[in-house]
Amino acid sequence: MRKLFGTDGVRGTANIHPMTADMALRIGAAVGRYFRREAGGVHRVVIGKDTRLSGYMFENALTAGLTSTGMNVLLLGPVPTPAVGLMTRSMRADLGVMISASHNPAEDNGIKFFGPDGFKLSDQAEMEIEALLAAGVEPAQAQHIGHAKRIDDARFRYGERVKSSLPRDIRLDGLKVVLDCANGAAHRTAPEVLWELGAEVVPLGVSPNGRNINLGCGSTQPQTAAEAVVAHGADVGICLDGDADRVIMIDETGSVVDGDQLMALLAGRWAKAGTLTGNALVATVMSNLGLERHLADQGLRLERTAVGDRYVVERMRAGGFNLGGEQSGHIVMSDHATTGDGLMAGLHMLAAMVETGKPASDLLTQFTPVPQLLQNVRFAAGQTPLDSPPVQAAIRDAEAALEGKGRLLIRKSGTEPLIRVMAECENEPLLNATVTEVAAAVEAATS
């Protein structure tokens with residue numbers, strides 16, 4: 001079992017274990033040793049980050065650890081997570097590193113890794129890196145210490161790659177778009193890309209100060225953007241998160257739309273065009289049952305995975321599928337990217353509006369969701385509330401009550417100290433009762 005890595009790298013509060021500068025240095029040394037092919041030679045790693053103040057600290061610590069093992073470090077500066085996957089491959093690097101806690105608040109940070117193919121590391125690779133970390137890493141001899149260099153045009157390279165995912169004849173002239181960049185990694189790139197394609201952009205969350213990433217903005221707090229869509233008479237809203245690997249859409253009425261509806265739209269369009277490989281969409285256990293029924297009505301399948309976009313990508317690669325994602329807004333288009341890309345997914349939604357002439361509200365209402373309720377219960381370090389007999393009994397009772405009527409999903413978050421209690425059921429009183437009872441049992445086990 002991995003102890004350090006969660007569902008998306010290492011994550012936590014800055015300056016509290018495991019997210020300390022000392023630990024980042026040690027992680028850098030361990031992962032550098034893991035990916036270093038041989039003594040001597042050229043070994044290259046690219047490092048990107050979002051706009052958190054602690055990113056400077058972790059960038060320097062990781063650089064020290066990596067160069068100590070002979071890796072040459074290329075510093076990309078603030079770029080979206082998908083840009084790191086892209087640059088790892090395009091620059092023929094041995095390793096890619098993104099410093100970000102995604103949608104988490106500014107005081108958190110994280111480190112996630114990409115292999116030389118531009119894809120996130122497997123559980124097995126992460127366990128082997130943890131073993132190296134525990135054993136300690138012998139530094140390189142003095143003549144083999146690596147060097148560091150800044151790359152100034154990374155965001156421009158990424159922007160061009162995102163635009164190239166659209167047909168060349170697509171322009172966004174006449175579209176007014178509210179674009180919320182969460183004061184994060186895409187605060188410069190995303191508005192530039194939309195403007196270059198012809199859209200009129202109403203920018204929000206484009207003034208990062210190191211402490212305001214995801215603060216009252218972005219994909220997890222889209223209310224301000226929804227109000228702006230209505231106030232400006234915009235055609236659509238696009239809300240990215242702090243590292244721009246996820247997107248939440250807003251239609252012209254100000255209604256917030258999750259990733260399930262966007263995936264349904266893209267899957268249907270790709271299926272009609274004959275470009276949806278395997279006639280399947282890959283999504284996690286969190287995706288709504290209504291999405292699964294909608295796809296089945298079109299002769300398409302929903303392949304479900306564990307929560308986490310890298311598990312979606314692993315299933316896509318294993319099955320040869322080219323579209324997948326999460327309800328939370330990670331949309332993976334593997335013909336163009338190696339991980340979730342919020343800006344790219346948003347552009348493909350805008351392309352659908354241009355090609356069909358339909359408003360966002362029509363395109364983003366693909367199916368009627370089965371009522372779904374999610375409650376999060378926070379727990380303290382060292383607590384294991386799911387092992388509590390009263391919690392297990394509450395889960396059994398809820399499953400029995402929902403049998404044949406819905407489904408229950410209980411899981412520990414891989415990125416935050418939360419137990420997530422989620423259920424789906426068309427009988428809303430039953431839905432509310434089961435989730436409330438299980439959540440109350442979990443909360444009691446943490447007190």
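The values are calculated or read from the model by the stated rules, or taken from the named source; none is laboratory data. As the structure is a computational prediction, the values presented were derived from the model and not from experiment. Cβ placement follows ideal geometry from the backbone for every residue including glycine, while neighbour counts extend to all protein chains displayed. What goes into the accessible areas is simple: the full protein's heavy atoms, side chains included, and nothing from ligands, DNA or RNA. Shrake-Rupley method; radii C 1.70, N 1.55, O 1.52, S 1.80 Å.
Within the stretch 24-140, DSSP assigns beta bridges of which about 30% are antiparallel (rounded to the nearest 5).
State the percentage of accessible surface on the stretch 190-277 attributable to carbon and sulfur atoms; use a 1.4 Å probe and exclude ligands, DNA and RNA.
About 52 percent, which is the carbon plus sulfur part of the accessible surface.
Report the semi-axes of the equivalent ellipsoid for the stretch 331-395 in whole Å, largest first, where each axis is √(5λ) for an eigenvalue λ of the Cα gyration tensor.
On the way: eigenvalues 322, 70, 18 Å².
Semi-axes from the Cα gyration tensor: 40, 19, 10 Å.
Counting only protein heavy atoms and a 1.4 Å probe, the stretch 361-437 has 53 square angstrom of accessible area per residue.
Divide the volume of the convex hull of the Cα atoms of the stretch 1-143 by its number of residues and quote the answer in cubic angstrom per residue. Display every interim value, and only then the final one.
On the way: hull volume 13.9 nm³, N = 143.
In the stretch 1-143, the Cα hull volume divided by residue count equals 97 Å³.
Residue-wise HN-Hα couplings along the stretch 339-345, as the Karplus relation 6.51 cos²θ - 1.76 cosθ + 1.60 with θ = phi - 60° gives them from phi, are 8, x, 9, x, 5, 4, 4 Hz; Gly and Pro carry x. Using only alpha-carbon positions in the stretch 44-123, the gyration tensor eigenvalues give semi-axes of 19, 15, 11 Å once each is multiplied by 5 and square-rooted (largest first).
Given R0 = 35 Å, the distance between the Cβ atoms of residue 428 and residue 157 translates into a calculated FRET efficiency of 0.15.
Across the stretch 160-173, computed HN-Hα scalar couplings (Karplus, 6.51 cos²θ - 1.76 cosθ + 1.60, θ = phi - 60°) run 5, 5, 5, 4, 5, 6, 8, x, 5, 8, 7, 10, 9, 4 Hz from first to last residue, x flagging Gly and Pro. Sequence-distant contacts, meaning Cα pairs under 8 Å at least 6 residues apart, place the relative contact order of the chain at 13 percent. Coupling constants for the stretch 291-308 follow from the phi torsions by the Karplus curve (6.51 cos²θ - 1.76 cosθ + 1.60, θ = phi - 60°), and in residue order they are 5, 4, 5, 4, 5, 4, 4, 9, x, 10, 10, 10, 9, 9, 10, 5, 5, x Hz; glycine and proline get x. Quick one: check the C-alpha center-to-center distance for the stretch 208-279 versus the stretch 386-408, whole angstrom. First find each Cα centre; the distance between them is then 33 Å. Annotation: amide H-H contacts under 5 Å for residue 97 (H modelled 1.01 Å from N, sequence separation of 5 or more, or interchain): 46, 47, 48, 114. Here the peptides 274-284, 91-101 are ranked by packing, the mean other Cβ count within 10 Å, and the order with the highest first is 91-101, 274-284. Rolling a 1.4 Å probe over the protein chains gives residue 311 an accessible area of about 40 Å².
Take every Cα pair under 8 Å in the stretch 49-192 that's 6+ residues apart, average their separations, divide by the length, and report that relative contact order as a whole percent.
Values: 173 pairs, mean separation 47.1, N = 144.
In percent, rounded to a whole number, it is 33.
Suppose the chain between residue 318 and residue 192 were pulled fully straight at 0.36 nm per residue; how much longer would it get relative to their current alpha carbon spacing? Before the final figure, lay out each step's value.
Values: separation 126, 0.36 × 126 = 45.36 nm, distance 3.50 nm.
Result: 41.9 nm gained on full extension.
Spin-label model, residue 412 to residue 437: label points 7 Å out along the Cα-to-beta-carbon direction sit 2.5 nm apart. Working note: 222 nm ellipticity from helices only, DSSP H runs with n ≥ 4, each -39,500 (n - 2.57), summed and divided by the residues of the chain, gives -11500 deg cm²/dmol to the nearest 500.
Report, by chain and number, residues whose modeled amide H sits under 5 Å from the one on residue 77, excluding near sequence neighbours (fewer than 5 apart, same chain). So residue 77 has HN proximity to 49. Using only alpha carbon pairs under 8 Å that are at least six residues apart, calculate the relative contact order of the stretch 308-366 and give it in whole percent. Relative contact order of the stretch 308-366: 21 percent.
Only one residue of 346, 324, 311 has its Cα farthest out toward the positive end of the dipole of the stretch 311-384, where Lys and Arg carry +1 and Asp and Glu -1 on Cβ, and that residue is 311.
When the Cα atoms of the stretch 283-378 are enclosed in a convex hull and the volume is divided per residue, what value in Å³ results?
Values: hull volume 12.3 nm³, N = 96.
Output value, Cα hull per residue: 128 Å³.
Under the combined filter of DSSP loop state and at most 14 neighbouring Cβ atoms within 10 Å, the stretch 1-71 retains these trypsin sites (Lys or Arg not before Pro): 2, 3, 37.
Translational diffusion of the chain, estimated by Stokes-Einstein from the Kirkwood radius over alpha carbon pairs at 10 °C in a medium of 1.306 mPa s, is 71 µm² per second.
In this label model, residue 384 and residue 215 are separated by 3.8 nm, measuring between points 7 Å along each Cα→Cβ vector.
Just the number please: accessible area per residue for the stretch 1-120, 1.4 Å probe, all protein chains included, in Å². Kindly include the intermediate steps, with their values, before the conclusion.
Values: 3900 Å² over 120 residues.
Counting only protein heavy atoms, the per-residue value for the stretch 1-120 is 33 Å².
With 10 Å bins beginning at zero, the pair-distance distribution over Cα atoms of the stretch 145-217 amounts to 18, 40, 30, 10, 2, 0 %. Taking amide H atoms as placed 1.01 Å from N in the peptide plane, the amide H of residue 287 lies under 5 Å from those of 327, each 5 or more residues away in sequence or on another chain. Pairs spanning more than 30 Å between alpha-carbon atoms, out of 112/272; 112/412; 3/49: 112/272. Size descriptors for the stretch 115-186, from the alpha-carbon set: Rg then Dmax equal 20.5, 59 Å.
Antiparallel beta bridges, as assigned by DSSP with both residues in the chain, represent about 55 percent of the total such bridges. Put a plus charge on the Cβ of each Lys and Arg, a minus charge on the Cβ of each Asp and Glu, and nothing anywhere else: the dipole of the stretch 22-148 about its Cα centre is then about 400 debye.
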